[in-house]
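Please read the structure below before turning to the comments.
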Amino acid sequence: MVEEKADIAGTNTGNLRLRHATDQLSSLIFLSQSIKVFSSKWKLIRNKVDEILSILASLPPEIQASADNPTLSGIIQSIEETTDYSNSLAQKCIEHSYSGKLLMQSDLDIIFVKFDNNVKSLSELVNSDGFLLNGNYAIVVSRPGPAASRDDIKFYVKDLLCRFKIGRIEMKKQALVSFTEVIQEDERYVKIAMEIDGLVHVLLKFLNSKEAGIQEEALKNVAIICGFDAYKSVLVGIGVVAPLIRMLETGSDLGKELATRCLMKVTANSDNAWSVSAHGGASALLKICGSGCDDLGGELVGLACGVLRNLIGVDEIKRFVVEEGAIPMSIKLVRSKNEASQISAIDFIQVMASGNEFVRGLIVKEGGIRVLVRVLDPKSSYSSKAREKSMRALMSLCSDSIGCMNSLKTYSFMDHILHFLHDGEVPIQESALRAASWLSGTSDELKKAMGDAGFMPEIVKFLDAKSFEAREIAAETLSNLLVVPRNQKRFVQNDQNVNFLLQLMDPNEGSNSDRKVVFEVAHGWRSETCEM
């Protein structure tokens, strides 16, 4: 009975001591917020006090109630003494009764160091052998519900930050997983996390961790935060690019993929391209893409091509990657067996060719037109998406070049387009229709060739398509083709063509939009007739 009373007394003493310390710390935070002088130094002190409160709150009840742990008692005593001294300095700052600015700045620096030492001492205690059973049994704050207040969310995120800092490896991993879950589901957590001093710095520190699991989970968090335009510049500003590039060079396969996803978001619209390039990012990405030529790592290679596509919006970086062999590498990737690599490489080629005649010439010289047309071969195994991308790339690559247009004709580009107009599924049919429209806006020679190949009967079918856009494109294409007299004769020789147009003109059958389409077709016919 006597022993039980002694235990209860010890427990009460421990609880009261800890409660007194936490009350003092909370009061100091409240008091310091009203101080108008040395505000930056007081903010640093408040952050340290917040860390101490988070660590103390995470201790399990049996540790909080313990009065016989000399190390913990010593730390609590140090915290109390530092807090008392801080309160006296706070009053002087509020009343402007301090002796001199330099002396007060020095005193505040000393306070900051003392609280920082308290944080380190608590962290060492929590992580010491035998304490908290390896740090995995600290109090776990429950995740707030969907209707949680801002204060509840902030308290939860601060608790996670505490675990990031003081937990053992497994606790850090669990905290990172929890953080990933909440910021994926509710962007309020992202906003509040970015307001908490030190959190993103801890995430960046984890990117350099020797533990692959911690690296990868931290990368997931960074990738989510990078998706917010308001915050990706903050991450770049505090140095996120360098560890991401190191991850590309030395990380695990998953780490490389996650790092590339981060860089994809960071470099959107060519933002931060110079920063990535300055850290060797372009070279690292080219190396990853080069590995895809052997059909390895398709998803990663596709992402790396995507980042390079963002980077080459800067002309100097485009020049560098071209000099480093990006063109032949991309052409090899188009020939690879991985769809993600193929599609990303086609996009990359299109962007490289855009607005640069010299680079466009190099792509043609390396056999780019032939490879892209081969993607359209119905006998090949390329996906519909790859074929749609290839059509767009070829239109970009071959515009305003008679030589390139002749190459398209030589490599059976028109035959493939005609095939997909006739037999393709709806998405690729629409892409083929746009390609046919593009061809019809070039030379009279190609218009004649299209008429001879049988394009007009296929185009006529689209005049009755469900999509108004498709009907307009078809009408414009026919209008272009019917400028050529030979195509006019061929068109009227086909009774089905004429009957179909008459049906669209019938007020009982066709709609106003149908008749507009027919007038568009007739416009090309009349244009040539007037010239004759």
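The values are calculated or read from the model by the stated rules, or taken from the named source; none is laboratory data. Just so it is clear, the structure is predicted and the values come from calculations on it, not from any experiment. For neighbour counting, all protein chains shown are included, and Cβ atoms are generated from backbone atoms with ideal geometry for every residue, glycine included.
The table for this structure:
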| item | result |
| --- | --- |
| Sole residue being of a type in the set (F, W, Y) and buried (at least 20 other Cβ atoms within 10 Å of the Cβ), chosen from F462, F468 | F462 |
| Filtered residue count, the range 101-152, keeping only those that are modelled with pLDDT under 75 and small (G, A, S) | 4 |
| Among (1) at positive phi; (2) free of Cβ contacts under 8 Å to residues at least 12 places away in the same chain - the single one G198 does not satisfy | (2) |
| Residue satisfying condition, being over 14 Å from I331 (Cα atoms) and either in contact with a Ser or Thr (Cβ under 6 Å, 6 or more places away or on another chain) or in the same structural domain as Q429 (by TED's automatic domain parsing) (or both), within set E388, E357 | E388 |
| Enumeration of residues in the range 271-290 that are in a helix (DSSP H, G or I) and either among the aliphatic types (A, V, I, L, M) or over 27 Å from R335 (Cα atoms) (or both) | A273, W274, S275, V276, S277, A278, A282, A284, L285, L286, I288 |
| Scope the range 414-454; condition under 39 Å from the mean Cα position of the chain (by Cα), assigned to a helix (DSSP H, G or I) and within 11 Å of N480 (Cα to Cα); matching residues | A436, S437, W438, L439, S440 |
| Selection count where residues are within 48 Å of the chain's Cα centre (by Cα) and not in a helix (DSSP H, G or I), scope the range 455-505 | 5 |
| Filtered residue count, the range 88-106, keeping only those that are part of a helix (DSSP H, G or I), crowded, with 16+ Cβ neighbours inside 10 Å and touching a Lys or Arg at 6+ places or on another chain (Cβ under 9 Å) | 2 |
| Subset tally (residues that are in a loop (DSSP other than H, G, I, E, B), buried (at least 17 other Cβ atoms within 10 Å of the Cβ) and of a type in the set (S, T, Y)) for the range 358-400 | 1 |
| Selected residue [part of a helix (DSSP H, G or I), buried (at least 22 other Cβ atoms within 10 Å of the Cβ) and free of Cβ contacts under 8 Å to residues at least 40 places away in the same chain] from V307, V321 | V321 |
| Some residue of the range 244-262 being in a helix (DSSP H, G or I) and closer than 14 Å to R309 by Cα | yes |
| Residue within the range 368-384 that is in contact (Cβ under 8 Å) with a residue 40 or more places away in the chain and over 23 Å from F420 (Cβ atoms) present | no |
